[in-house]
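Enquirer: Below you will find the structure I want to go over with you.
The values are calculated or read from the model by the stated rules, or taken from the named source; none is laboratory data. This structure is a prediction, so every number in the text was calculated from the model and none was measured. Positions of Cβ are generated from backbone atoms using ideal geometry, with glycine treated the same way; all protein chains shown enter the neighbour counts.
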Ligand SMILES: [Zn+2]
């Protein structure tokens with residue numbers, strides 16, 4: 001009798017053990033799955049409020065002055081320039097983004113440039129400025145959270161492309177004839193349009209947009225050499 005009780009108990013324990021391990025494994029799997037989902041969620045969360053570090057870099061130094069431009073000649077700068085940017089939350093960080101834009105405008109004017117992207121000053125966010133050679137008065141347009149929706153099937157050689165972050169160098173690059181783009185402008189209005197232009201000395205608005213959009217992906221024009 002006693003032997004049977006012990007024998008049954010041992011059998012029950014042997015039967016239950018795998019289940020216990022299974023439940024533990026299931027629990028652990030659930031835990032890891034939840035953790036993985038959280039990691040995926042946060043890493044894929046392209047729109048996030050500015051971090052304290054981003055906030056302090058936009059507010060750094062004299063806020064009425066431009067920033068220092070990052071250069072591929074500097075190893076630490078180069079690593080930043082090769083990172084992919086995230087969208088901004090325009091409503092949540094409106095004042096900060098407006099300050100970033102005004103400082104980028106100052107920088108463009110000081111450098112006599114036709115474009116500048118936020119990552120070039122160490123802010124890894126999807127914002128850039130580009131000159132509209134295709135519009136009267138050639139205004140400076142702001143592209144917030146831009147997308148390239150489609151591209152022309154044909155490409156061509158754009159001569160002597162250059163970049164503030166790649167000093168003392170000019171190279172011919174391969175560019176699309178036109179691009180369909182979407183972005184929010186400085187007023188927060190959603191814009192969708194087709195951009196052309198690849199003639200240096202005339203209208204090369206389309207090329208400027210392609211060059212700046214690349215910056216947001218961590219791509220430099222030297223990766224597009226024709
Ligand atoms: Zn550039």
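Enquirer: Restricting attention to the range 180-222, which residues are without any contact (Cβ under 8 Å) to a residue 24 or more places away in the chain and away from the ligand (no atom under 16 Å from the Cβ)?
Expert: 187, 189, 190, 191, 193, 194, 199, 201
Enquirer: Name the one entry in 147, 82 that is within 21 Å of residue 221 (Cβ to Cβ), away from the ligand (no atom under 15 Å from the Cβ) and within 16 Å of the chain's Cα centre (by Cα).
Expert: 147
Enquirer: Could you please find all residues in the range 140-154 being in contact (Cβ under 8 Å) with a residue 40 or more places away in the chain and closer than 20 Å to residue 69 by Cα?
Expert: Correct list: 141, 142, 143, 144.
Enquirer: Quick check: anything in the range 155-171 without any contact (Cβ under 8 Å) to a residue 40 or more places away in the chain, in a strand (DSSP E or B) and away from the ligand (no atom under 16 Å from the Cβ)?
Expert: Within the range 155-171 (the criterion being without any contact (Cβ under 8 Å) to a residue 40 or more places away in the chain, in a strand (DSSP E or B) and away from the ligand (no atom under 16 Å from the Cβ)), the answer is yes, since at least one residue qualifies.
Enquirer: Pick from 91, 83: which is closer than 26 Å to residue 189 by Cβ and assigned by TED's automatic domain parsing to the domain that holds residue 164?
Expert: 91
Enquirer: Please find, among 105, 94, the residue that is out of contact with any helix residue (DSSP H, G or I) (no Cβ under 8 Å at 6 or more places or on another chain), buried (at least 16 other Cβ atoms within 10 Å of the Cβ) and over 17 Å from residue 224 (Cα atoms).
Expert: That would be 105, the only listed residue that is out of contact with any helix residue (DSSP H, G or I) (no Cβ under 8 Å at 6 or more places or on another chain), buried (at least 16 other Cβ atoms within 10 Å of the Cβ) and over 17 Å from residue 224 (Cα atoms).
Enquirer: What number of residues within the range 173-211 are assigned to a strand (DSSP E or B) and out of contact with any helix residue (DSSP H, G or I) (no Cβ under 7 Å at 6 or more places or on another chain)?
Expert: Counting residues in the range 173-211 that are assigned to a strand (DSSP E or B) and out of contact with any helix residue (DSSP H, G or I) (no Cβ under 7 Å at 6 or more places or on another chain) gives 10.
Enquirer: Shifting gears a bit: Does residue 66 qualify as being surrounded by 13 or more Cβ atoms within 10 Å (Cβ to Cβ) and part of a helix (DSSP H, G or I)?
Expert: Against the criterion (surrounded by 13 or more Cβ atoms within 10 Å (Cβ to Cβ) and part of a helix (DSSP H, G or I)), residue 66 does not qualify.
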